[in-house]
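The values are calculated or read from the model by the stated rules, or taken from the named source; none is laboratory data. Just so we're clear, the structure is a prediction, and the values are computed from it rather than from any experiment. As a convention, Cβ positions derive from the backbone with ideal geometry for all residues, glycine included, and neighbour counts pool all protein chains shown. Ligands, DNA and RNA are stripped out before the accessible areas are found, and what is left, the full protein with its side chains, is counted by its heavy atoms. Shrake-Rupley method; radii C 1.70, N 1.55, O 1.52, S 1.80 Å.
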Amino acid sequence: LYGVPGSGKSYTISEQYCNDESRMERLVFHPDYTYSDFVGQILPNVTEGNVSYEFTPGPFTRLLYKAHTNPGEEYYLIIEEINRGNAPAIFGEVFQLLDRDDNGESEYGISNADIARVVYGDATRKVRIPSNLSIIGTMNTSDQNVFTLDTAFQRRWSMRMIENDLSKVAYADMKILDTEVTWRQFNTAMNSKILRKN
């Protein structure tokens, strides 16, 4: 879902896709967000004075496990600001799973022992995204200094523009400061001026 700031991308997700916190993971990409944050990482665990190292699942792996173990439910991984982080690097080999077959399952599986052990209990099994797990990203088209999404990454998504809809803006009919002009009138006048110039 892409559009200008305040156009209602997050609102659209909660109204049209999912607003049940138990069936979704919501995260925000940013320049320091990494593959390890997204998929999971090996972290130390101290139990009774003994230190061990184990894989700690990230939001992608946690939700993949839920979707796999509850095939009758729909799950949603929401990635806000998908272009604020280096999305291809964050997805890593999970990128391959975005190609879906006619049934909605990943067309190609990947080998990832850590994910497979958590999700399937079998480190040798190929990892696939099931048809009941959707990934939705939001992208602010007005941002400067963000990562560009390359063509190979973009083609794996259905792009949907969310346009500004003044009927959903609470302050649209409020007057601007000490003028008699409302935000709706200002918006309409500015948009027509922009269209005439272009």
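Overview of results
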| quantity | calculated |
| --- | --- |
| Rough spin-label spacing in nm, given labels placed 7 Å along Cα→Cβ, for Asn103 and Arg155 | 2.5 |
| Per-residue SASA entry for Lys193, accessible area with 1.4 Å probe, Å² rounded to 10 | 100 |
| The chain: mean projected area of Cα convex hull, nm² | 16.1 |
| Other-chain or far-sequence residues with amide H under 5 Å of Gly40's (modelled H) | Gly58 |
| Per-selection Rg to Rh, region 118-198 - Cα, Kirkwood hydrodynamic radius | 1.21 |
| Solvent-accessible area per residue, Å², over the chain with all protein chains present [probe radius 1.4 Å] | 61 |
| Kirkwood Rh, angstrom, region 81-153 [1 / mean 1/r, Cα pairs] | 13.8 |
| Distance (nanometres) between label positions extended 7 Å along Cα→Cβ at Lys126 and Thr179 | 6.0 |
| Long-range HN-HN contacts of Met24 with modeled amide H, under 5 Å | Tyr76 |
| Region 7-139 - percent of accessible surface contributed by carbon and sulfur, probe 1.4 Å | 44 |
| Region 1-82, Rg to Rh (Cα coordinates; Rh as Kirkwood inverse mean 1/r) | 1.08 |
| Solvent-accessible area of Ser192 with every protein chain in place, 1.4 Å probe, in Å² to the nearest 10 | 50 |
| FRET E, pair Leu43, Glu73, Förster distance 22 Å, beta-carbon r, rounded to 0.05 | 0.15 |
| The chain: most fluctuating residue of Glu81, Glu107, Glu180 per GNM, C-alpha cutoff 10 Å | Glu180 |
